[in-house]
Amino acid sequence: MSEIRLQIDGKEVVAREGMTVLEAARSAGIAIPTLCDHEKLEPFGGCRICVVEVDAGSRSQIVVSCVYPVENNLIVRTKSEKLSRIRKILIELLLSHAPDSPLLQELAKEYGADRNRFDKEASFCVHCGLCVRYCAEIKKKNAVGFIDRGVRKEISFIPEIAAQECNRCKECFPLCPTSYLQAAFVLTEALAFTPASSEAAAVKQA
Amino acid sequence: MTRLNSPDALERFRQNLLSGRDPDKPCISICVGAGCIASGAGDVVAAFREEIQKQKLTAAVDTKGTGCPGFCERGPVVVIYPEEICYLQVTPADVPEIVSLTIRQKKVVERLVYTDPVSGEKAVHESDIPFYRHQKRNILCNNIRIDSKSIDDYLAIGGYSALSKALCRMSDTQVLAEVKKANLRGRGGGGFPAGKKWEGSRNAPETPKYVIVNADEGDPGAFMDRALLEGNPHAVLEGLIIGGYAVGANEGYVYVRQEYPLAVENIILAIRQAEEYGLLGKNILGSGFDFIVKVHKGAGAFVCGESTALMTALEGRAGEPRPKYIRSNIKGLWNKPTVLNNVETWANVPLIINKGADWFTQIGTNGSKGTKIFSLVGKINNTGLVEVPMGITLRDIIYKIGGGIPGGKKFKAVQTGGPSGGCIPEAQLDLAVDFDALAKAGSMMGSGGMIVMDEETCMVDVARYFINFLTDESCGKCLPCREGLRQMHKILTNITQGKGKEGDIETLEQLSEAAVEASLCALGKSAPNPFLSTLRYFRHEYDAHIKEKRCPALYCKDLIAFYIDPAKCRACMTCLKKCPVQAIDGGKKKIHIINQDKCTKCGTCIEVCPSRFSAVRKISGEPMPAPIPEEQRLLLKASEEQ
């Protein structure tokens, strides 16, 4: 793999071809805030909090660093007034769903986000997709997935798979920034696990 | 089964077809496009067939159901060849007269031809009707000339000659060079130069390569791609095959929404016919070029019109966009080089190959060449599909072609570019329509939706409506679109309900900035446009709603009240009887008063109040005038008053 040289926040950074700007920044000790990113998972590009400004050629634009590939002579800025403004409102949008999420509170503090900017929404999933992607990419079980679309989109356990797999795994639980995942699991367990499937799972576990 | 193995075989077949057809034989073309079908064209076709049989003319007259010629406002449209007599709003009852007079005696049925609403002048031929006269119909003109289910009809008007020319007389690079020279820009939204897109795919090292027709038209009020695919599917197919040849792709897809059943049916049929004739498949016309086409029915998600979402859906996954930092012409469908163009773009390709880039670039502006089809809808006299040269002014489209605003109302704005386009005000009506001018005005070409709005349209409500549509159609993957639009919709709804507050506009602007700058795909990035463009040109309407709780267009129900002017009311009892909630108090000779607590603001009273009185009006942002004293409510006869 060939070397790529770029500049992040004024610092010369050497990266490998195929790396994302986020990876390059981290390798150089430059922090970019993220929410839906996870080192073991494929980049998702859902939360958009990792936005940065890049100058490529004569054009300057805002891109998300977790999916933007590094290129030679790229100039990247991870901090600016505009970036802070965008990150702040994105965090505020999420706070309407999960005002007490520790991760969001930390980000809110850094960017001066107001937890009461928008009316509270009764659902507390932030659609980071960490659970869904972890189960699909790492565990290859697909016990939890997204259903529906847009503002109605939510995570849902698939009872037939979840009853067999989840009780002995639960590795996705600590990934959830809002604890909604646990709630969704308990709900599915209570409503949709049949005695037979749960028993089978229990026997397997024993 | 006919199999055309060479360009010569195609030409011989065409000549054969033409020699079997008498150009002077009367032909009755009846539009059976979606609009005319809805107005009863199916029955008209049946009536013609029956009448022709009855009058024993079956051998002497052809009848065909054709695609949409555009004048949907006056459908069902019937054109009689060879004289090209155009009859509008034809019903089955008119059919015997048309057959007896026009077919037998070559006389015109005067009452069915177009009559100018202002001058009263009649226009017998299609090309004389102002709606058509000011258009330039390079593509749509064929819709009425062919039976959309007949490949022979398409061949008879010269169909597939461009394919033959491209495959057998031009190299793939020559085809590409011609399209590049024509500067054909994508008709689906972005206006990206098609030639450049093709070249990127062609030069990409990976194989196989793919070409796709984007027929996932989903804008409210838009139906140009539908009309083309329904009316002339072979033109789109021919363009696609030529594109495949230029790009080096042997496989193509038509991604068409399943809500267009006729389009699906016609394109599938067209593909089957082309395969039978050897115009698709192995060694097309003996050129050595192989090409197949598959149809994929989309489930009707607006976001799947976005290129990467469409490709994800085509791969069999949920239709969500993916990051586009590497263009899809390099890494598209199954990560292979993929050219995606919309229906109208592909339909332009055979014309460019046949007539040349120099012919194509004669039409249009510096940056935008050729014609563009718009679906002209909303508060406009001549609703329908119009094809115009790039560079025509909005004013010409709306007034000369569209016939202006109905009911003597005043024009307020025209919304172009689909839901994520923008609203253009009267001051910019002389704007010469092309990709760049529309973008500069804060709107866009989009795929060609054009919704005309009159003075009774509330621009804040328009923004609310489109943001609502886009919120509903957001795929939900990225935060600025999913949550940002949700909040924008809430705030805009509040404003239209009189619950707007200081700071709302600033919040909307910040949410817009986040969506424009940080969204994943074009849907999110352009979604705030309805708000941004209405704010740019109609800020006073936002201010009136928020600060004065007034709707200047008298549209937003929560901000208006209905009021009967006691000086004008003649106590005729009409509104009192028609009010569905008995909110009107009064009686014979007793001036009517609306009980505001009961009124549901349905507007019935205003509609039924006789125009000679015009006593009911809407008020907004001002206090309700005090009711007149009870003793003054009794109306006296003129004689008693003296």
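Details
- Total residues in the range B:484-513 satisfying the condition of being among the acidic types (Asp, Glu) and at the interface with chain A (Cβ under 9 Å from one of its Cβ atoms): the figure is 1.
- No other residue among B:PRO117, B:PRO76 is farther than 23 Å from B:GLU230 by Cα and not aliphatic (A, V, I, L, M) apart from B:PRO117.
- Odd one out for B:TYR399, checked against (1) in a helix (DSSP H, G or I); (2) among the hydroxyl-bearing types (Ser, Thr, Tyr); (3) touching a helix residue (DSSP H, G or I) at 6+ places or on another chain (Cβ under 6 Å): (3)
- For the range A:63-88, the set of residues classified as among the β-branched types (Val, Ile, Thr), within 13 Å of chain B (Cβ to nearest Cβ) and not in a helix (DSSP H, G or I) consists of A:VAL63, A:VAL64, A:VAL67, A:VAL70, listed by residue number.
- For B:THR58, the conditions (1) within 30 Å of B:PRO350 (Cβ to Cβ); (2) of a type in the set (S, T, N, Q); (3) assigned to a loop (DSSP other than H, G, I, E, B) all hold with the exception of (1).
- For A:ASN142, the test of being over 16 Å from A:ILE49 (Cα atoms) and either away from every other protein chain (no Cβ under 13 Å) or in contact with a Lys or Arg (Cβ under 8 Å, 6 or more places away or on another chain) (or both) is failed.
- In a residue-by-residue description of the range B:239-250, the property of being away from chain A (no Cβ under 14 Å), more than 17 Å from B:LEU155 (Cβ to Cβ) and modelled with pLDDT under 95 applies to no position.
- Yes/no for B:CYS481 being facing chain A (nearest Cβ under 9 Å), crowded, with 24+ Cβ neighbours inside 10 Å and not aromatic (Phe, Trp, Tyr): yes
- Among the residues of the range A:122-139, some residue qualifies, meaning at least one is farther than 24 Å from B:CYS304 by Cβ, of a type in the set (Lys, Arg) and without any contact (Cβ under 8 Å) to a residue 40 or more places away in the chain.
- Given (1) out of contact with any Lys or Arg (no Cβ under 7 Å at 6 or more places or on another chain); (2) outside any helix (DSSP H, G or I); (3) within 12 Å of chain A (Cβ to nearest Cβ), number of the condition B:ASP472 does not satisfy: (2)
- Among the residues of the range A:1-55, the ones that are over 19 Å from the mean Cα position of the chain (by Cα), exposed (fewer than 14 other Cβ atoms within 10 Å of the Cβ) and in a loop (DSSP other than H, G, I, E, B) come to 6 in all.
- B:ASN381 free of Cβ contacts under 8 Å to residues at least 12 places away in the same chain, part of a loop (DSSP other than H, G, I, E, B) and surrounded by fewer than 21 Cβ atoms within 10 Å (Cβ to Cβ): no
- Any hit, the range B:426-436, residues being of a type in the set (Val, Ile, Thr) and either in a strand (DSSP E or B) or touching a strand residue (DSSP E or B) at 6+ places or on another chain (Cβ under 6 Å) (or both): no
- Residue among B:VAL516, B:VAL460 that alone is under 25 Å from A:ILE49 (Cβ atoms), in contact with a helix residue (DSSP H, G or I) (Cβ under 8 Å, 6 or more places away or on another chain) and either surrounded by fewer than 21 Cβ atoms within 10 Å (Cβ to Cβ) or more than 10 Å from chain A (Cβ to nearest Cβ) (or both): B:VAL516
- Candidate set: the range A:32-46, residues that are at the interface with chain B (Cβ under 10 Å from one of its Cβ atoms) and either at pLDDT 95 or above or in contact with a Gly (Cβ under 9 Å, 6 or more places away or on another chain) (or both); chosen: the one nearest to B:ARG327 (Cα to Cα): A:PHE44
- Residue within the range B:85-92 that is in a loop (DSSP other than H, G, I, E, B), closer than 19 Å to B:LEU376 by Cα and free of Cβ contacts under 8 Å to residues at least 60 places away in the same chain present: yes
- With respect to (1) in contact with a helix residue (DSSP H, G or I) (Cβ under 7 Å, 6 or more places away or on another chain); (2) of a type outside the set (Lys, Arg); (3) more than 24 Å from B:GLY498 (Cβ to Cβ), the lone exception for B:ILE591 is condition (1).
- Within the range B:569-583, one or more residues are surrounded by fewer than 17 Cβ atoms within 10 Å (Cβ to Cβ), without any contact (Cβ under 8 Å) to a residue 12 or more places away in the chain and outside any loop (DSSP other than H, G, I, E, B).
- Residues of the range B:463-498 that turn out to be over 20 Å from B:GLN415 (Cα atoms), free of Cβ contacts under 8 Å to residues at least 60 places away in the same chain and not small (Gly, Ala, Ser), as a count: 12
- Of the helices (runs of 4 or more DSSP H) lying entirely inside the range B:113-209, the ones with 2 or more residues being among the charged types (D, E, K, R) and without any contact (Cβ under 8 Å) to a residue 60 or more places away in the chain are found at B:194-203.
- Across the range A:93-120, the number of residues qualifying as buried (at least 16 other Cβ atoms within 10 Å of the Cβ) and within 9 Å of chain B (Cβ to nearest Cβ) comes to 6.
- On inspection, B:ASP543 does not qualify as surrounded by fewer than 20 Cβ atoms within 10 Å (Cβ to Cβ) and in contact (Cβ under 8 Å) with a residue 24 or more places away in the chain.
- For B:SER526, the test of being at the interface with chain A (Cβ under 7 Å from one of its Cβ atoms), in contact (Cβ under 8 Å) with a residue 40 or more places away in the chain and closer than 21 Å to B:THR416 by Cα is failed.
- Verdict on A:GLU189 being part of a loop (DSSP other than H, G, I, E, B), more than 14 Å from every other protein chain (Cβ to nearest Cβ) and acidic (Asp, Glu): no
- Members of the range A:30-52 that are of a type in the set (Val, Ile, Thr) and touching a Pro at 6+ places or on another chain (Cβ under 9 Å): A:ILE49
- Qualifying residue in the range A:104-112 (condition: more than 21 Å from A:ALA24 (Cβ to Cβ), at pLDDT 95 or above and over 20 Å from the mean Cα position of the chain (by Cα)): yes
- Taken over the range B:494-539, the criterion of being within 17 Å of B:CYS551 (Cβ to Cβ), over 27 Å from the mean Cα position of the chain (by Cα), assigned to a helix (DSSP H, G or I) and not basic (Lys, Arg) is satisfied by B:ASN494, B:ILE495, B:THR496, B:ASP504, B:ILE505.
The values are calculated or read from the model by the stated rules, or taken from the named source; none is laboratory data. None of the values given here were measured: they were computed from a predicted structure. Don't worry about glycine lacking a Cβ; one is built from the backbone with ideal geometry, like all the others, and counts go over all protein chains shown.
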